[in-house]
Amino acid sequence: MPEMLDLSPAADRMADVLENIDDAHLDRPTPCDGMPVRVLVGHVLGLSLAFEAAARKDLGFADSTPSPGTDALPTDWQALGRERLDALRRAWRDPAAWSGPTRAGGLDLPGHIAGLVALDELVVHGWDLAVATGRSYACTPFEIAACTAFAESITDEQRDAGGLFGPAVPVADRASDLDRLIALTGRDPAWSPDGS
């Protein structure tokens, strides 16, 4: 039986990040090139649905890729975000979600890898949205360790091909574990929306 990871802290944190975003934040840049806050929020709404379906082995939904979203968000996007994140969390509490094959974003994945990708998406995009909107951000050590191991498994060829992560960014020896994780995903841990 593959190890089950608890997605609840990351899902709750993401819901809190979403609830602290207001209209004034929506056009701000994020660490994701070309994706302002509103587009990244749309992506989070989509990936929440996609990875909930992956946990339930709902392969009919599997070929819908969690797209970056569009400029248009539903008027109730914050409440919708919490609802979808709650459903995502509940779906990954089922041991069956972590075993056997599934599909997400058009890719065939073992269940335990899909769960790890879901966790990584929540943790890293939570950081993206928090720093874009001037919020502090902290994760549990187990989340950082799991996501770091996943990011370290991505080859340079995969990074160069423009997949999930870009080339890793160098960090100081004294960098925090969270900063090391963020750098492994191709983001600058010192990024800020004003470029300072």
(request) Report yes if ARG159 is open to solvent by less than 60 Å² (accessible area, probe 1.4 Å), closer than 16 Å to PRO31 by Cβ, basic (Lys, Arg) and part of a helix (DSSP H, G or I), otherwise no. (result) yes
(request) Go through the range 99-110 residue by residue and tally those that are touching a residue at least 12 places away in the same chain (Cβ under 8 Å) and either buried (at least 22 other Cβ atoms within 10 Å of the Cβ) or out of contact with any helix residue (DSSP H, G or I) (no Cβ under 8 Å at 6 or more places or on another chain) (or both). (result) 4
(message) Can you go through ALA190, ALA130 and tell me which one is out of contact with any Cys (no Cβ under 6 Å at 6 or more places or on another chain), without any contact (Cβ under 8 Å) to a residue 12 or more places away in the chain and either of a type outside the set (Phe, Trp, Tyr) or closer than 21 Å to ARG103 by Cα (or both)?
(response) ALA190
(message) Among the residues of the range 59-66, are any modelled with pLDDT of 90 or more and touching a His at 6+ places or on another chain (Cβ under 9 Å)?
(response) no
(message) If ALA132 satisfies all but one of (1) aliphatic (A, V, I, L, M); (2) open to solvent by 20 Å² or more (accessible area, probe 1.4 Å); (3) modelled with pLDDT of 95 or more; (4) touching a Leu at 6+ places or on another chain (Cβ under 9 Å), what's the number of the condition it fails?
(response) (2)
(request) Answer yes or no as to whether ARG93 is part of a loop (DSSP other than H, G, I, E, B), at pLDDT 95 or above and basic (Lys, Arg). (result) yes
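The values are calculated or read from the model by the stated rules, or taken from the named source; none is laboratory data. This is a predicted model, so every value here is computed, not measured. Here the Cβ is made from the backbone with ideal geometry for all residues, glycine too, and neighbour counts use every protein chain on show. Remember, those area values only see protein heavy atoms, side chains included, never the ligands or the DNA or RNA. Shrake-Rupley method; radii C 1.70, N 1.55, O 1.52, S 1.80 Å.
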